1. Restricting to the chain, what percent of DSSP beta bridges are antiparallel, rounded to 5?
2. Within the chain, count lysine pairs with alpha carbon atoms under 17 angstrom apart where the residues are 8 or more positions apart or belong to different chains.
3. Using Cβ counts within 10 Å as a stand-in for footprinting exposure, how do Asp19, Asp128, Asp161 rank, fewest first?
4. Mean separation of Cα pairs under 8 Å and 6+ residues apart, divided by the residue count of the chain: what relative contact order is that in percent?
5. What is the set of long-range amide H partners of Val39 at a cut-off below 5 Å, with H atoms built 1.01 Å from backbone N?
6. What ranking do Glu98, Glu89 get, fewest neighbouring Cβ atoms within 10 angstrom at the top?
7. Which cross-chain or sequence-distant (5 or more) residues have an amide H under 5 Å from the amide H of Leu64, H modelled 1.01 Å from N in plane?
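Coordinate-derived values only; no laboratory data. Bear in mind that the values here come from a model prediction, so they are computed numbers and not experimental data. Counting neighbours? That spans all protein chains shown, and the Cβs are built from the backbone with ideal geometry, glycine included.
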Amino acid sequence: MSFCTTCGHKTIEKIPLGDQKIRKVCTHCATIDYVNPKVICGSLVLWDNKVLLCRRAIEPRYGLWTLPAGYMELQETMAQGAARETREEAEAEVSIGELYCMYDIPRIGQIYVLFKSTLIDGQFGAGDETIESRLFEEHEIPWGDLAFPSVERTLRHYFADQKTGSFPMHLETLGSRLDHTG
């Protein structure tokens, strides 16, 4: 960012007093531009021992399968964001359950949170960002066509946990070349 979002004057890169990182600082009003991680909220939507996946109609990873998820908005909780993204991408109403997976993706400044959710009335469709959505049993999952490592990790956790009947919260740091969401 070359110009201050507060007053419009030029910014310079420097380490502000009391800080340890180089940041953009306004030369006029001294506003510091803090760039913080983005939060992505989503749902592992379950129905009749199947999971709901959406085939992406947008970049990145157009045409690949993902869980309904997206950027959290201001004035909403993570659970509200997960429900909204599920509604937008899969035209599905869900009952949000417990936080199931959380991934730190420091390389791209994202935090990815997924809630176990139950599809209400088994109804779903395809929103504007989705080519199609579909319920999958474990043996039907298109493992080679998943959009993001976080989706694969979540599905693998779920099917392993399903076998034991215990669904602990999973916290991991991801760092491979495609660890991003949209």
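1. On the way: 29 of 43 bridges.
Here the antiparallel bridges make up roughly 65 percent for the chain.
2. Working: Lys10/Lys24; Lys14/Lys24; Lys50/Lys116; Lys50/Lys163; Lys116/Lys163.
Number of lysine pairs found: 5.
3. Values: Asp19 12, Asp128 9, Asp161 15.
With the sparsest Cβ surroundings first, the list reads Asp128, Asp19, Asp161.
4. Details: 387 pairs, mean separation 39.9, N = 182.
Result for the chain is 22 percent.
5. Result for Val39 returns Met72, Ile111.
6. Glu98, Glu89
7. Hits under the 5 Å cutoff: Arg56.
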